[in-house]
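The values are calculated or read from the model by the stated rules, or taken from the named source; none is laboratory data. Worth saying up front: this structure is predicted, and the values here are computed from it rather than measured. Every residue, glycine among them, receives a Cβ derived from its backbone with ideal geometry; neighbour counts consider all protein chains shown. For accessibility, only protein heavy atoms count, side chains too; no ligands or nucleic acids. Shrake-Rupley method; radii C 1.70, N 1.55, O 1.52, S 1.80 Å.
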Amino acid sequence: MGKFTEFKLMLKSMPKGVHEFEYHLGKQFFVNMENTDIRNADLTVKLTVNHKNDFYELDFAVSGTVTLLCDRCLDDLVFPIETSYHVAVKYGESYDDSSDELLVIPESDNYLNVAYMLFDTVMLAIPIKHVHPLGKCNRAMSALLKKHRSRGGDGDSELEDELIEEMEDMDGESPSSETATDPRWDALKNFNENNN
């Protein structure tokens, strides 16, 4: 049994009229999609399919929450999702998804798997920047961020000295100011100098 078998709509055998389906999208759905941004999910999808003469109207309504990583404090961020998507599907000679409103699938396909439509609908409802509302971030991490931001305006050399000290503490030795070069590159540099 495939990862997304439950999301197959058997279009060819579906009688004319309105049909309703319900799906639950949890963490495993996004793991199967190989998505690492969504750490957890509790989403309900209601799909209404209206089979008319030669096409199918699909209306998706997605609601629930997803858990993301806050870009500012790196704590979990529970983000509400409330979105919908409408697409018409019809059979044709070959697959064509060039339009946002119409999907053409080949006559040879007996079913339509809507898993990727659901995934895209959820991902488009999530903003690019994932941050807690002001004042809701992890206080310790916010204090560290504020401390480092305030130091940034004092001058680059002071900041560099602090970074070198932190690197010494981590590595146990000072980073060398003269980095060793690869002898092959030195030979190429000499070759270039001799030709000029």
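Within the accessible area of the range 1-106, what % is carbon and sulfur when the probe is 1.4 Å and the other protein chains stay in place?
Numbers: 2900 of 6200 Å².
Result for the range 1-106: 47 percent of the exposed heavy-atom area is carbon or sulfur.
What does the accessible area per residue of the range 1-58 come to in Å², with a 1.4 Å probe and no ligands, DNA or RNA counted?
Roughly 61 Å² per residue, with all protein chains present.
In this model, which of LYS8/LYS90; LYS8/LYS46; LYS8/LYS52; LYS46/LYS90; LYS90/LYS129; LYS3/LYS136 are farther than 25 Å apart at the alpha-carbon? Listed pairs above 25 Å: LYS90/LYS129; LYS3/LYS136.
Loop only per DSSP, at most 11 neighbouring Cβ atoms within 10 Å: give me the GluC sites (Glu not before Pro) in the range 80-143, ordered by residue number. Answer in residue order: GLU93, GLU101, GLU107. Leaving ligands, DNA and RNA out of it, work out the accessible area of SER98 with a 1.4 Å probe and give it in Å² to the nearest 10. Solvent-accessible area, nearest 10 Å²: 100 Å². Of the residues TYR91, TYR85, the one with the largest accessible area comes first in the ranking TYR85, TYR91, computed with a 1.4 Å probe on protein heavy atoms.
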